[in-house]
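The values are calculated or read from the model by the stated rules, or taken from the named source; none is laboratory data. None of the values given here were measured: they were computed from a predicted structure. Cβ: placed from backbone, ideal geometry, glycine included. Neighbour counts: every protein chain shown.
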Amino acid sequence: MSISILPLAIFALSQVGTPGPANMALLATGARFGFRAALPFVAGVALGKQLIIWPIGFGLMELAASAPLLFAALKYVSAAYIIWLAWKVANLRLGQRETGARAPGFAAGLIVHPLNPKAWAMIVGSFTAFVGPDIAPFTATATVAAVLLACQLVMHPLWTLGGDAIARTVAGTRAEPYLMWTLAALTVASVLFVLFAGGS
């Protein structure tokens with residue numbers, strides 16, 4: 001077998017491009033601080049997924065099999081963190097771009113995906129569904145890492161730009177709180193799906 005790069009790319013694009021905790025964080029950051037101010041955060045989010053991909057590619061899931069309770073606990077702690085972020089999104093008001101407020105930076109972006117159950121499920125699915133068992137770990141991991149990063153470099157800025165655009169059109173209107181609660185609900189739904197229907 002080999003690596004099914006085109007199907008992997010289609011899968012990755014569909015996963016990276018759909019609503020989830022990371023995209024909601026990007027959208028909210030773009031809405032609150034504007035696209036340009038959010039760029040360091042965007043870069044951190046994109047590169048943060050690499051902190052998961054490489055350990056998984058070199059056997060982290062074997063450790064998970066030997067210590068299932070530890071990884072189950074981490075999964076629920078991560079889900080709780082993402083739900084807390086969703087609560088913050090729900091109560092965010094887009095017009096609040098105070099001059100003294102600072103956008104989250106690169107380091108804040110790095111931790112988003114390691115605490116994102118959807119990212120873990122996406123990466124594990126990439127290895128199990130599209131990489132043959134005869135592929136060397138480095139080749140498999142580098143390929144998955146490159147494909148996911150390419151998709152992120154396209155989709156993550158678009159989500160951030162979307163937040164910026166929404167802030168300019170919806171901020172201060174009667175629709176604003178309903179929009180933010182809807183985005184928060186989508187975030188929670190994506191986490192619950194991974195926890196109870198999507199596996200890891």
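Restricting attention to helices (runs of 4 or more DSSP H) lying wholly within segment 1-82, give those where 2 or more residues are in contact with a Leu (Cβ under 8 Å, 6 or more places away or on another chain) and modelled with pLDDT of 80 or more. Reasoning before the result, please.
On the way: elements: 5-17, 21-33, 35-48, 50-57, 60-66.
Those helices (runs of 4 or more DSSP H) span 5-17, 21-33, 35-48, 50-57.
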Worksheet entry | Exclusive hit being over 21 Å from Val124 (Cβ atoms) and either modelled with pLDDT of 95 or more or assigned to a helix (DSSP H, G or I) (or both), set Leu85, Leu92 | Leu85
Discussion item. Please go through segment 163-183 and give me each residue that is out of contact with any helix residue (DSSP H, G or I) (no Cβ under 9 Å at 6 or more places or on another chain) and in contact (Cβ under 8 Å) with a residue 12 or more places away in the chain, ordered by number.
Written reply: Gly172
Worksheet, complete the sentence: Note: among Val147, Val191, Val131, Val154, just one is modelled with pLDDT of 90 or more, buried (at least 21 other Cβ atoms within 10 Å of the Cβ) and not charged (D, E, K, R), namely Val147
Practice prompt. Being among the hydrophobic types (A, V, I, L, M, F, W, C) and at pLDDT 90 or above narrows it down to one of Ala140, Ala171, Ala108, so name that one.
Written response: Ala108
